[in-house]
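The next block holds one structure in the form of C-alpha cells; read it before the comments.
The values are calculated or read from the model by the stated rules, or taken from the named source; none is laboratory data. Since the structure is predicted, the reported quantities are computational estimates derived from the model, not experimental observations. All Cβ positions, even for glycine, are placed from backbone atoms using ideal geometry, and neighbour counts span all protein chains on display. Areas reflect the complete protein model, heavy atoms only, side chains present, ligands, DNA and RNA absent. Shrake-Rupley method; radii C 1.70, N 1.55, O 1.52, S 1.80 Å.
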Amino acid sequence: MTLKHQLEHDFKHRQEWALRRQLGIPNNRRLGVCTCMDERLPIDDALGIRGDRGDAHVFRNAGGLITDDAIRSAMLSCQFFGTEEIVIVNHTECGMMSAHAETLVKALRDKGLNLDDIQLDPALPDLKLEKGAFARWMKMFSDVDEICAQQVDFAIIR
Ligand SMILES: [Zn+2]
C-alpha cells in the first residue's frame with residue numbers, strides 16, 4: 001500500500017469513527033456500565049472492554065449509583081445509541097462507605113460549605129434539594145451488596 005493509500009485508509013477509518021452516531025453504529029458491545037469514579041477500579045480490565053475502542057458507554061460517579069444523571073445517560077444510550085445491557089459495578093472499600101452521611105455533612109459544613117442551598121444543575125436553577133435532604137442526596141452506604149442490588153432495581157426502566 002502506498003503512503004497516499006495508507007493515509008486515505010486512515011482518514012476514512014477516523015471519519016467513520018467520528019461519525020459513528022450519524023451512521024447509526026452502536027458501541028461495540030451494546031453495553032452500558034455504571035460504576036464508581038474510584039481511580040483504583042480498573043473497569044475496562046475488570047469487564048474485558050476497551051474504552052478507547054468504543055466497546056461501551058461508561059458512566060462513572062461517586063459510588064457507581066443510579067442518580068438522575070445516570071438515568072438520563074442510560075436512557076439516551078438505550079433509546080438512541082443501541083445499548084442493550086447495563087452492568088452496574090459497585091465495590092468494596094468504596095469511599096462512599098467511609099463515613100456516615102451525618103459525619104460527611106458535618107465535615108463539609110466545617111469546611112464552610114452551605115449545604116442548605118445546593119444547586120443541583122446550573123442550567124436548571126429551580127431544581128434544588130429541599131432543606132435537610134443533603135445527607136440523603138449524598139447516598140453514603142455501608143453494605144456494598146445491598147447497594148448494588150438497589151442500583152440494579154433502580155436501573156430497570158419501568
Ligand atoms: Zn467507590
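Miscellaneous remarks
- Entry note, the chain: the mean residue ellipticity at 222 nm calculated from DSSP H runs of n ≥ 4, each adding -39500 (n - 2.57), is -12000 deg cm²/dmol after division by the residues and rounding to the nearest 500.
- Surface listing: M96, M138, M75 arranged by accessible area from highest to lowest gives M75, M138, M96, probe 1.4 Å.
- With every protein chain in place and a 1.4 angstrom probe, the accessible-area ranking of H9, H100, H91, H57, largest first, reads H100, H9, H57, H91.
- For K128, the lysines whose Cα comes closer than 17 Å to its Cα, not counting residues fewer than 8 places off in the same chain, are K139.
- Once the Cα atoms are used to define both axes, helix 68-80 deviates from the longest principal axis of the chain by about 30 degrees.
- Candidate lysines for bridging to K4, where Cα separation is under 28 Å - those fewer than 8 sequence places away on the same chain excluded: K12
- Convex hull volume per residue in cubic angstrom - Cα atoms of the chain: 177 Å³
- Spacing of the modelled spin labels on R50 and R20, each 7 Å from Cα toward Cβ, amounts to 1.2 nm.
- Distance-filtered residues of the stretch 68-112 - backbone nitrogen under 19 Å, label point 7 angstrom along R40 Cα→Cβ: 89-100
- Solvent-accessible surface ranking, highest first, for F134, F59, F81, F154 at 1.4 angstrom: F154, F81, F59, F134
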